[in-house]
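Before any comments, here is the structure.
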Amino acid sequence: MEEQKAQSTLDAEPKRIKPRHRALMRRLIAGMTLTDACEDLGFSVSRASLIVNSELFQAEMKIMEAEVKKDFAEAEANRPTDSTRAALTDASEKAAKTLKGALDDESAVVRVNAAKDILDRTGYAKEDKLKARVLVEPSQSLIDLLSRAKRDEEKDAEPDDE
């Protein structure tokens, strides 16, 4: 027996899926609770509950879940199976813990290098400075000013005849 929704509920349901609704879907599919997802996105739980329970949201969420499952299956199928990659993957957690532990090392150099490595690997790398050669086309007034400055410099460099 299907439950009938009140007309006021039907009127308050979304008429189309918005980007914020998709963000809510992604969080729910990732395993977040509705309360945590609402807090993360700035929704009230009552409004989000109304959105999540709408037929439109439910249909779109099924599509998104199917896409996630398909993408996961493809990623699993394309995952390298060579023994070297598997050994490195198994050792990566230990390596990360070692790097994190180096933050407490007695040596300041070791601590700083570990901090730099961690920041770099988590996307907070120091930006590279760009070197650029710029061609500046001076105006006539700038050329005149530079010429006067050069004449003044040459005049100051001449020995006095006094």
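The values are calculated or read from the model by the stated rules, or taken from the named source; none is laboratory data. Please read these numbers as outputs of a predicted model, since none were measured by experiment. When we count neighbours, we look across all protein chains shown, and the Cβ atoms used for this are built from the backbone with ideal geometry, even at glycine.
Values computed for the structure shown
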{"item": "Of all residues making up the range 1-17, the number that are in a helix (DSSP H, G or I) and not acidic (Asp, Glu)", "result": "5"}
{"item": "Checking Ala6 against (1) farther than 30 Å from Ala114 by Cα; (2) at pLDDT 90 or above, the condition it does not meet", "result": "(2)"}
{"item": "Helices (runs of 4 or more DSSP H) completely within the range 65-162 that count 3 or more residues being at pLDDT 85 or above and touching a helix residue (DSSP H, G or I) at 6+ places or on another chain (Cβ under 7 Å)", "result": "108-121"}
{"item": "When residues of the range 1-49 are limited to those that are under 29 Å from the mean Cα position of the chain (by Cα) and among the β-branched types (Val, Ile, Thr), the one surrounded by the most Cβ atoms within 10 Å (Cβ to Cβ)", "result": "Ile17"}
{"item": "Identity of the residue in the range 50-107, β-branched (Val, Ile, Thr) and without any contact (Cβ under 8 Å) to a residue 12 or more places away in the chain, that ends up surrounded by the fewest Cβ atoms within 10 Å (Cβ to Cβ)", "result": "Thr81"}
